[in-house]
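What follows is a set of notes on a single structure, which appears directly below.
The values are calculated or read from the model by the stated rules, or taken from the named source; none is laboratory data. Predicted, not measured: the structure shown is a model, and the values here were computed from it. Cβ sites come from the backbone with ideal geometry, for glycine too, and all protein chains shown count toward neighbours. Each accessible area value is taken on the protein alone, full model and side chains, heavy atoms only, with ligands, DNA and RNA left out. Shrake-Rupley method; radii C 1.70, N 1.55, O 1.52, S 1.80 Å.
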Amino acid sequence: MNKSQNSRKTNLFIILGSIFLTNAILAEIIGVKIFSAEKTLGFDPVNWTFFGEYLLDFNLTAGAVIWPVVFITTDIINEYFGKKGVRKISFLTAGLIAYAFIVISVVTALTPADFWLDVNSTTPDGESFNISYAFNTIFRQGLGIIIGSLTAFLLGQLIDVYVFQKLRAVTGENKIWLRATGSTLVSQFIDSFVVLGIAFYVFGNWSFSQIIAVGIMNYIYKMTVAIALTPLLYLAHGVIDKYLGKALAAEMTAEASEDKAFL
């Protein structure tokens with residue numbers, strides 16, 4: 001591999017890694033907001049009932065909006081850099097997410113300045129407003145949620161890369177959609193229930209039935225979006241292959257498929 005090819009390979013990993021890392025951290029931070037997918041799209045809530053007890057709609061965390069970008073980026077990194085590439089960026093991202101939570105815990109404990117409270121003490125409508133309370137409520141997350149999200153993130157990534165490579169061994173270079181969607185089907189099934197189980201069953205007070213019910217809703221959304229974004233995966237592959245050149249792209253994908261380690 002000449003200097004130019006090595007530079008393109010390095011640049012590609014930096015770009016993909018940056019996209020992956022940025023969206024994963026953002027998803028964790030903005031995930032505190034819960035939104036109604038149906039109302040956002042102008043529909044009435046579906047009001048599905050699970051187990052004859054829980055009335056559920058597509059009320060999702062804001063982080064779910066950009067998690068599909070993480071799915072796609074994972075598959076692209078896997079395609080060109082293999083298990084080692086995905087493991088490297090996944091552990092790095094998990095460490096930085098933990099770092100972000102530590103920083104947030106520290107800054108939310110700082111005593112707010114009086115003038116900051118004063119200039120932000122009312123809303124545009126003249127109602128009383130506590131900006132320090134709002135700031136802390138938005139950014140601070142419970143220990144259970146932090147542990148659950150980090151565990152689910154790493155477990156989901158490791159399972160995704162394993163299933164992706166297993167499917168790749170069967171499909172070869174063809175059917176990118178099958179290994180990308182198949183790996184996401186499995187990994188996000190695990191992710192959807194692990195994060196809820198740890199955060200709200202182990203550390204919280206949800207019943208097992210409620211964990212299953214909410215997990216199903218999250219999983220339906222993730223898989224619908226993952227399938228809908230399949231054309232974007234092919235577009236990304238086309239752009240990357242053109243940037244790398246056919247020879248280098250083929251060399252990298254062949255090398256990426258050679259790692260037969262379990263994880």
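In the range 4-125, a dipole from Cβ-located charges (positive for Lys and Arg, negative for Asp and Glu) runs towards its positive end, and of 55, 43, 100 it is 100 whose Cα lies farthest in that direction. Each 10 Å bin from 0 upward holds the following percent of the Cα-Cα pairs of the range 3-258: 6, 26, 30, 22, 12, 4, 0.
Using R₀ = 30 Å, calculate the FRET efficiency as 1/(1 + (r/R₀)^6) where r is the Cβ-Cβ separation of residue 216 and residue 39; round to 0.05. Could you put the intermediate results ahead of the total?
Values: r = 20 Å, r/R0 = 0.67.
So the FRET efficiency works out to roughly 0.90.
Could you tell me the center-to-center distance, by alpha carbons, between the range 161-175 and the range 188-263 in angstrom? The range 161-175 and the range 188-263 have Cα centres separated by 14 Å. Helical runs assigned H by DSSP (4 residues or longer) give the chain a calculated mean residue ellipticity at 222 nm of -24000 deg cm²/dmol, each run adding -39500 (n - 2.57) before division by the residue total.
Which value, in debye to the nearest 20, describes the size of the charge dipole of the chain about its Cα centre when Lys and Arg Cβ atoms bear +1, Asp and Glu Cβ atoms bear -1, and nothing else is charged?
On the way: 18 positive and 19 negative charges, 242 e Å.
Taking the Cα centre of the chain as origin, the dipole is about 1160 debye.
Protein heavy-atom accessible surface, 1.4 Å probe, per residue over the chain: 54 Å². Report, in order of residue number, the helices in the chain meeting two criteria: a C-alpha extent of 27 Å or more along the helix axis, and a mean Kyte-Doolittle hydropathy of at least -0.5; treat each whole DSSP H run as one helix. Helix filter hits for the chain: 3-30, 67-108, 143-171, 176-196, 208-228.
Can you figure out the FRET efficiency of residue 30 with residue 205, using R₀ = 30 Å and their beta-carbon distance, to the nearest 0.05? E(calc), rounded to 0.05, equals 0.75. A simple spin-label model places pseudo-atoms 7 Å from Cα toward Cβ; at residue 98 and residue 255 they are separated by 3.0 nm. Projecting the Cα atoms of 239, 188, 257 onto the charge dipole of the range 3-258, computed from C-beta unit charges around the Cα centre, puts 257 farthest toward the positive end.
Each of residue 110 and residue 224 was given a label point 7 Å from its Cα along the Cα-to-Cβ line. The distance between the two points is 4.1 nm.
In the range 3-258, the portion of solvent-accessible area held by carbon and sulfur atoms comes to 66 percent [1.4 Å probe, whole percent, DNA, RNA and ligands not counted].
Give a quick list of trypsin sites (Lys or Arg not before Pro) in the range 1-107 that DSSP marks as loop, anything other than H, G, I, E or B, with at most 16 other Cβ atoms within 10 Å.
Details: sites: 3, 8, 9, 33, 39, 83, 84, 87, 88; in loops: 33.
Loop-located and lightly packed - 33.
In this model, which of 39/83; 33/175; 9/175 are farther than 31 Å apart at the alpha-carbon? Let's see the in-between values first.
Working: 39/83 39 Å; 33/175 36 Å; 9/175 23 Å.
From 39/83; 33/175; 9/175, over 31 Å: 39/83; 33/175.
Using packing as a proxy for protection, rank 178-184, 13-19, 75-81 so that the peptide with the highest average count of other Cβ atoms within 10 Å comes first.
On the way: 178-184: 22.3, 13-19: 15.4, 75-81: 24.1.
Listed from highest to lowest mean packing, they are 75-81, 178-184, 13-19.
The range 100-137 and the range 13-51 have Cα centres separated by 25 Å.
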